[in-house]
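The block underneath contains the structure these notes are about, expressed in structure tokens.
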Amino acid sequence: MLPASTSLLLLQPLSIPHPSRSFLFLQNPYCIPSVTSLRPFNSKRLRLSKPLTLSFALTESDSPKSLQPDPQILLQEVADSFDLPSDYFERLPDDLRLDLNDAAFDLSNGPVLDECGQELGEILLDLSRAWELADTSTSCTLAGKLPLLGGSLPDSAKSAFGRRLVSAGSRFQAMGEYGQGELQKIAKAMNKTGRIFSATSISTTTVEQTEEETRVLKFGEFQFEVTPEKANTGAAIGFVFGILSWGVAQGVQSIPDGSFQYANDNALLLAKSLRGALLVLFYSSTFLSAFTSVGLVLLGRQLKSEDR
């Protein structure tokens, strides 16, 4: 028979220590966590933090401001496309010279100084004149001035400039392949820059500063700007004309039928019909004058209240 203490030991399950744990406790018998034991946990945290950092970088790079191209870089591409031999435009065939003149017209047509500003407008006028004269050197020099103005252009001038670039670039694109494809490079650069510039939105405040709201009355080919003073003046004139029309109508109506002698009945009927027509005419003028005067007075008050 085994002793009681020995039987209790046999009944207890044997606990085999884990090799790694035993190895750890052998090297560190005081159970103090070491750097080696914490390294797997830190590496796992580092792996989890990398995707977060990457997604933040992608979000920042996709912001609208970072996607907007620099106007100076775009205009520099346009300027570089005109870096051609000094006699390139002179060697163009007659049909391509006509297309070049059309491009010059599209670039500077209309109120270019008002739309694009004084400095840029003058450059565009000189550049179009150089195209008409087939002056390649002057064209290259003027195109090189465009990048210097890229950062100072307001949105309204940039939008108008972009529309002109697209219109002129389509002319270069219609010239087809010539030489080493220089014309298509010019068309590509102008169309790219023009589309980006023309898509520039104009803020409401800029529109309100550049455009003044005016009311205009049109009478056929004539048009008049309406102000409170002019409305009141027109009402006074209409009132005076109405009084005169009323006086004439009353004078015609007060003429008795038997005050004149007529040669026959036909003349009498003609006189009566003429008298009736005059009465209708002057009474109608009186009514219209009164209606116009009242309307102009109300319009003048409305304009004055809006100015305040």
Filter pass, R129 being at pLDDT 90 or above and touching a Leu at 6+ places or on another chain (Cβ under 8 Å): no
Could you check the stretch 96-152 and list, in sequence order, the residues that are of a type in the set (A, V, I, L, M), free of Cβ contacts under 8 Å to residues at least 40 places away in the same chain and in contact with a helix residue (DSSP H, G or I) (Cβ under 7 Å, 6 or more places away or on another chain)? L113, I123, L125, L127, A130, L142
Residue pairs meeting the criteria (Cβ under 6 Å; at least 6 apart or on separate chains; first free of Cβ contacts under 8 Å to residues at least 24 places away in the same chain, in the stretch 153-181; second of a type outside the set (S, T, Y)): Q173/A187
I'm told L146 meets every condition in (1) surrounded by 15 or more Cβ atoms within 10 Å (Cβ to Cβ); (2) on the phi > 0 side of the Ramachandran plot except one. Can you identify the failing condition by its number? (2)
Among G238, G251, which is the only one that is exposed (fewer than 14 other Cβ atoms within 10 Å of the Cβ) and modelled with pLDDT of 85 or more? G251
Considering only residues of the stretch 276-308 that are of a type in the set (K, R) and modelled with pLDDT under 85, which is nearest to the chain's Cα centre (by Cα)? R308
Taking the residues in the stretch 93-110 that are of a type in the set (D, E) and over 23 Å from A157 (Cα atoms) as candidates, determine which candidate is nearest to the chain's Cα centre (by Cα). D99
Select from the stretch 157-169 the residues that are among the small types (G, A, S) and either crowded, with 22+ Cβ neighbours inside 10 Å or in contact with a Gly (Cβ under 9 Å, 6 or more places away or on another chain) (or both) and list them in ascending order. A157, A160, G162, S167, A168, G169
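The values are calculated or read from the model by the stated rules, or taken from the named source; none is laboratory data. For clarity, every value in this text was computed on a predicted model and none was experimentally measured. Glycine gets a Cβ as well: all are built from the backbone with ideal geometry, and neighbour counts include every protein chain shown.
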